[in-house]
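Notes follow the structure.
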Amino acid sequence: MEPHEFKLNEEGLRAVLPPLEAEIMEYMWKVKIATAGEVYEHMKEKHPEMRRSTVSILMNRLCERGLLKRSVETGRGGMRYVYSITTTREEFEKRIVETILNALMNNFKEATFAYLSKIKK
Amino acid sequence: MLRLIILAQILITILYLGKFGLVVVFGSASMLLLMYLWVTRHSLKREHSKLEWEDMPWLYDGIARMANKAGIGMPYVYILDDYIPNAYSFGNSIVLSLGLFEVLDREQILGVAAHEIGHIKNGDTLIFPIIAYGRYFMLFLAGAISLIVHNTIAVLASLGLYMLYEIERLKFLKEREFKADETALYLLDRPFSLKEALEELKYYEDLRVNVRASALPGIEPNIERKQKKSFMDTHPSYDERIWRILAEIEGAMFRDTLK
């Protein structure tokens, strides 16, 4: 997943993901694999008004973004979708930094280089 | 009404095209019949898994109980690998998408299944394909008359009949949806579960459209959304169905109090 937007006024994952999607990803990186129902139960603690539909839509949106993948699991209780992470949080953060720095180097090469050198010192 | 329209179209075709009209009528009917048979044989894909009792006993038993109450045999139940909530029926089969199981609870899923059993019970799974292919039949005959017959009245009458068929078809399909809901209310132990399922599905659809349309900085679950309405819809809106269900349930409760 390549982030296309970086919100300077947001903290953490919210800078690159919408707030609820960021919260879901925080949880998914913790548990690695979960059903939408399990994520819903977790999200409901903080957002009591949240509905199953919201979680399902957001998780499928995260699949479209390439951060989660969906597979069918057949077991006790029948068939169901399970979602798993496609990348670790560290890898994701690394990719964000690389993407942003590449963009800065492409657009403001000298200033970026000068600033990075200054930080390095 | 639909039968009369088709009959009138056939009569016009035979009247103006004579023996060739008969060939056109039987030729197009046979072609559509073959198409229908081919489609029905290939309607199940790899994404469909047949539901066995041990997969989900609560669902299998629930459907069996409602089918028994409806006086029909146990339908085949297929689970479709699709994350978007969806349900439909054909022949003696019900298809429920996996997405339904993510957004609805058990009672609500049984509510959706009851609606599909309603379609089977009311004969819609046989009537709907005929209506759908009848549309192509009408269009084909109207096209043949427009191209071959050089009589303005015949062409206008044929095109008019085709348009009338379209209007009646939409009206008919909507009525059948309401009828399937009515049957479902009779079949369900808890009729409100169908209403709740429709509310959730409406919420899902609205939200999905909004999520796609926006960059989604935040979701307001209680936001009031306007439903788009098109005169070409074959299904009544969720709101229309919910209102009718409420009226049915309240009417039944009122009748019970009078007893």
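Of the residues making up the range B:171-188, those that are open to solvent by less than 30 Å² (accessible area, probe 1.4 Å) and in contact with an Asp or Glu (Cβ under 7 Å, 6 or more places away or on another chain) are B:Ala180, B:Leu185. Filtering the range B:73-87 to residues that are open to solvent by less than 40 Å² (accessible area, probe 1.4 Å) and either more than 30 Å from A:Lys69 (Cα to Cα) or among the hydrophobic types (A, V, I, L, M, F, W, C) (or both) leaves B:Pro75, B:Val77, B:Ile79, B:Leu80, B:Ala87. Where residues in the range B:149-158 are hydrophobic (A, V, I, L, M, F, W, C) and surrounded by fewer than 16 Cβ atoms within 10 Å (Cβ to Cβ), which of them is farthest from B:Ala132 (Cα to Cα)? It comes out as B:Ile153. Counting only helices (runs of 4 or more DSSP H) that fall entirely inside the range B:69-167 and contain at least 2 residues that are charged (D, E, K, R) and closer than 25 Å to B:Glu199 by Cβ, the qualifying elements are B:106-121.
For the range B:11-29, the set of residues classified as within 15 Å of B:Leu139 (Cα to Cα) and surrounded by fewer than 19 Cβ atoms within 10 Å (Cβ to Cβ) consists of B:Leu11, B:Phe26, B:Gly27, B:Ala29, listed by residue number. Sub-8 Å Cβ pairs linking a first residue in the range B:38-63 that is more than 18 Å from B:Tyr88 (Cβ to Cβ) to a second residue that is open to solvent by 60 Å² or more (accessible area, probe 1.4 Å) and part of a strand (DSSP E or B), at least 6 apart or interchain, are B:Asp55/A:Thr74, ordered by first then second residue. Scanning the range A:5-34 for residues that are over 23 Å from B:Val209 (Cα atoms) and either at the interface with chain B (Cβ under 10 Å from one of its Cβ atoms) or buried (at least 19 other Cβ atoms within 10 Å of the Cβ) (or both) returns A:Lys7, A:Glu10, A:Leu13, A:Met28, A:Ala34. Residues in the range A:35-64 that are among the acidic types (Asp, Glu) and either more than 12 Å from chain B (Cβ to nearest Cβ) or farther than 18 Å from B:Phe101 by Cβ (or both): A:Glu41, A:Glu45, A:Glu49, A:Glu64. May I ask you to verify whether B:Ile117 is more than 11 Å from the chain's Cα centre (by Cα) and over 22 Å from B:Ser43 (Cβ atoms)? It is false that B:Ile117 is more than 11 Å from the chain's Cα centre (by Cα) and over 22 Å from B:Ser43 (Cβ atoms). Pairs meeting the criteria (first residue in the range A:66-77 and within 9 Å of chain B (Cβ to nearest Cβ) and within 30 Å of A:Phe92 (Cα to Cα), second residue among the acidic types (Asp, Glu) and open to solvent by 40 Å² or more (accessible area, probe 1.4 Å), beta carbons under 7 Å, at least 6 apart or on different chains) are A:Val72/B:Asp81.
Could you tell me which residue of the range A:41-93 is nearest to the chain's Cα centre (by Cα), considering only residues that are among the hydroxyl-bearing types (Ser, Thr, Tyr) and buried (at least 21 other Cβ atoms within 10 Å of the Cβ)? Ranking the qualifying residues of the range A:41-93, first place goes to A:Tyr83. Inspection of the range B:133-141 finds a residue satisfying the criterion of being surrounded by fewer than 22 Cβ atoms within 10 Å (Cβ to Cβ) and closer than 29 Å to B:Arg208 by Cβ. For the range B:91-113, the condition holds for at least one residue, the condition being that it is out of contact with any strand residue (DSSP E or B) (no Cβ under 6 Å at 6 or more places or on another chain), in contact (Cβ under 8 Å) with a residue 24 or more places away in the chain and farther than 26 Å from A:Thr35 by Cβ.
The values are calculated or read from the model by the stated rules, or taken from the named source; none is laboratory data. Remember, it's a predicted structure, so these values are computed and weren't measured experimentally. For neighbour counting, all protein chains shown are included, and Cβ atoms are generated from backbone atoms with ideal geometry for every residue, glycine included. When the accessible area is computed, the model is the full protein with side chains, heavy atoms only, and any ligands, DNA or RNA have been set aside. Shrake-Rupley method; radii C 1.70, N 1.55, O 1.52, S 1.80 Å.
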